[in-house]
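Asks: I am attaching a structure below and will ask some questions about it afterwards.
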Amino acid sequence: MTIELRRASFEPLVELGRYQVSQGELQGRYGATAIFVGTMRDFNDGEPVRGMTLEHYPGMTERHLQQIVETATQKWSLLDALVIHRVGELRPNDPIVLVAVWSTHRAAAFAACRFIMEELKSKAPFWKREDAATGTRWVEHNTPG
Amino acid sequence: MTIELRRASFEPLVELGRYQVSQGELQGRYGATAIFVGTMRDFNDGEPVRGMTLEHYPGMTERHLQQIVETATQKWSLLDALVIHRVGELRPNDPIVLVAVWSTHRAAAFAACRFIMEELKSKAPFWKREDAATGTRWVEHNTPG
Amino acid sequence: MGIQVKYFASLRDRLGRAEDRLAATEGMTVAAVWAALWPKTPLPPNTLTAVNMEYASLEQSVRDGDEVAFFPPVTGG
Amino acid sequence: MGIQVKYFASLRDRLGRAEDRLAATEGMTVAAVWAALWPKTPLPPNTLTAVNMEYASLEQSVRDGDEVAFFPPVTGG
């Protein structure tokens, strides 16, 4: 189980491929990988967005991501999980978050991936400030899952 | 929306990355990508498995995959979807299926990805024959979702 | 031209053949296609049936030019 | 050493500061920490609170050495 915060832009699919290969004990054992990638859009609430700053609470963010993944591994039978989340300055089309879950069967993988994303969205201390045409503004709440 | 059957082994994450870049109109518009990869395990029903043959019904398989994806696009607001499924001879750790769905928000992406997988498992005419230590055997049913 | 009949996977292995062809009779159903070709072999339970590549019931009627398929539960993905 | 207080995101911008420090009093709660530091500013509705990096209620008691944080609803992912 791996949790990472990244200051620089990352390629989720490349990271995922590398991680999967590096986890030798996964080979031949997983039948199901459920993956979610959240990406910055170039509009929000009907307005063009030029950039975004992702603030976090150093220490608490990592701790909560870890707790969320641990809870998922208690609820479902998982072989591995990877969570990578951006912080800092983002531009449209930049990946924000990657959640990947490996399991023997698909039901656990799907459910755990969804659970981790919903928990992350509601509990992990991150805050988005958008740079829109009309100025910068803090995003006040997330879209419901 | 793209459906493909492949006779040769494929790299789901590489395919996905290429496809995403090739779909120019997606850029900046999608906030959520939900992905599922099904991979051949080296054991099943408690027995080691050395290889697998995936048979399909040419024509009906493609038609049903297409129908499943179209139904998903009617049920949820999707920007794009990609389904790649192997046929022919597979070895452990070979990817079997890739389902990827792009949407503005995560709820639609998660739900549609799951829906496509469940429909594919229950309706698309594919059949697995495993080459196990005790000989070859047809897989009789899928694990419930 | 008749009806083209296809068998897949374990069912094909059991029957020892992948295809058959027969002439349709008036009001012939999918069940009747099977009975005409395999009078001594009951259709195995759980067998799925398709007409022209769409799932069909055993009661669906067929005619010359149709493609009828019999196969076991699907196990893709 | 006192209590370390942190503010994040829009709340920090509104208050114009990121951190405060104050000495704990006997039986001090999270609500009392806020009231001591911002006597004229009611805690904005929906503000979340954490003590030592775990979510906490306004009634939770705190003491010297604790880290208390106030922040708006989270919007990650």
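Each reported figure results from applying straightforward, stated rules to the coordinates on display, with no laboratory input. Values in this document were obtained by computation on a predicted structure and should not be read as measured data. Every residue, glycine as well, gets a Cβ built from its backbone with ideal geometry; the counts of neighbours run over all protein chains shown.
Asks: Assign unit charges at the C-beta atoms only (+1 for Lys and Arg, -1 for Asp and Glu), then state the dipole size of the range D:3-71 relative to its Cα centre in Debye, rounded to the nearest 20. Intermediate values should be presented prior to the final figure.
Replies: On the way: 7 positive and 9 negative charges, 65 e Å.
Charge dipole of the range D:3-71: 320 debye, to the nearest 20.
Asks: May I pose another question? Sorted from shortest, what are the nm distances separating the label point of A:Phe10 from equivalent points in the other copies, each placed 7 Å from Cα along Cα to C-beta?
Replies: Between copies, matching label points for A:Phe10 lie 2.7 nm apart.
Asks: I would also like to ask the following. For a Förster distance of 35 Å, can you work out the FRET efficiency between the beta-carbons of A:Thr73 and B:Met1, rounded to the nearest 0.05?
Replies: Details: r = 34 Å, r/R0 = 0.99.
After rounding to 0.05, the efficiency reads 0.50.
Asks: I would also like to ask the following. For D:Ala31 and D:Arg14, compute 0.36 nm times the residue count separating them, minus their Cα-Cα distance, and round to one decimal in nm. Provide the component values of the computation, followed by the final result.
Replies: Details: separation 17, 0.36 × 17 = 6.12 nm, distance 1.83 nm.
Once the chain is fully extended between D:Ala31 and D:Arg14, it gains 4.3 nm.
Asks: In bins 10 Å wide, starting from 0, what share of all Cα pairs of chain B does each bin hold, as a percent?
Replies: P(r) for chain B, in whole percents per bin: 11, 40, 33, 13, 2, 0.
Asks: With an 8 Å Cα cut-off and a minimum separation of 6 or more residues, compute the relative contact order for the range C:3-71 in percent. List each step's numbers first, then the result.
Replies: Working: 110 pairs, mean separation 31.7, N = 69.
Result for the range C:3-71 is 46 percent.
Asks: Given labels modelled 7 Å from the Cα in the Cβ direction, how far is it in nm from A:Thr53 to A:Thr136?
Replies: 0.3 nm
Asks: Which percentage, to the nearest 5, of the DSSP beta bridges contained in chain D is antiparallel?
Replies: Numbers: 11 of 15 bridges.
Around 75 percent antiparallel, to the nearest 5.
Asks: Going highest first, how would you order A:124-135, D:48-59, C:18-29, B:76-87 by mean Cβ packing within 10 Å? Each step should come with its number before you reach the end.
Replies: On the way: A:124-135: 18.6, D:48-59: 15.4, C:18-29: 13.6, B:76-87: 21.0.
With the highest mean Cβ count within 10 Å placed first, the list reads B:76-87, A:124-135, D:48-59, C:18-29.
Asks: Roughly what % of DSSP beta bridges within the protein assembly as shown run antiparallel, to the nearest 5?
Replies: Numbers: 89 of 107 bridges.
Roughly 85 percent of the beta bridges in the protein assembly as shown run antiparallel, per DSSP.
Asks: Taking beta carbons within 10 Å but only from partner chains, what does the mean come to for residues A:116-129?
Replies: Working: counts 1, 5, 4, 1, 3, 5, 4, 4, 3, 12, 6, 11, 5, 4.
Counting other chains' Cβ atoms within 10 Å and averaging over A:116-129 gives 5.
Asks: Let me ask another. With the label 7 angstrom out along Cα to Cβ, how close does D:Arg17 come to the same site in each of the other copies, in nm, nearest first?
Replies: 9.1
Asks: Residue by residue through A:35-45, how many Cβ atoms from other chains fall within 10 Å of the Cβ on average? Write out the running numbers ahead of the final one.
Replies: Details: counts 10, 9, 12, 9, 10, 3, 8, 3, 4, 2, 0.
Mean shielding by partner chains, rounded to a whole number: 6.
Asks: Only four residue types carry charge here, +1 at the Cβ of Lys and Arg and -1 at the Cβ of Asp and Glu. Report the dipole size of the protein assembly as shown about the Cα centre in Debye, rounded to the nearest 20.
Replies: Charge dipole of the protein assembly as shown: 100 debye, to the nearest 20.
Asks: Pick out, from C:Ala32, C:Pro45, C:Gln4, the residue whose Cα sits farthest towards the positive end of the charge dipole of the range C:3-71, with +1 on the Cβ of Lys and Arg and -1 on the Cβ of Asp and Glu.
Replies: C:Pro45
Asks: Here is a follow-up. Would you mind listing the distances between the B:Glu47 label point and the same position in each other copy? Use 7 Å along Cα-to-C-beta, nm, one decimal, shortest first.
Replies: 6.3
Asks: Separate question: Of A:Lys121/B:Lys123; A:Lys75/B:Lys128; A:Lys123/B:Lys75; A:Lys75/A:Lys123, which sit over 27 Å apart, Cα to Cα? Provide the component values of the computation, followed by the final result.
Replies: Values: A:Lys121/B:Lys123 34 Å; A:Lys75/B:Lys128 30 Å; A:Lys123/B:Lys75 29 Å; A:Lys75/A:Lys123 18 Å.
Beyond 27 Å: A:Lys121/B:Lys123; A:Lys75/B:Lys128; A:Lys123/B:Lys75.
Asks: With r as the distance between the Cβ atoms of B:Asp45 and B:Arg91 and R0 = 22 Å, compute the FRET efficiency 1/(1 + (r/R0)^6) and round to 0.05. Walk me through the intermediate numbers first.
Replies: Values: r = 18 Å, r/R0 = 0.83.
With a Förster radius of 22 Å, E is 0.75.
Asks: Given contacts defined as C-alpha pairs under 8 Å and at least six residues apart, what's the relative contact order of chain B, whole-number percent? Numbers along the way, then the final one.
Replies: Details: 260 pairs, mean separation 51.5, N = 145.
It comes to 36 percent, rounded to a whole number.
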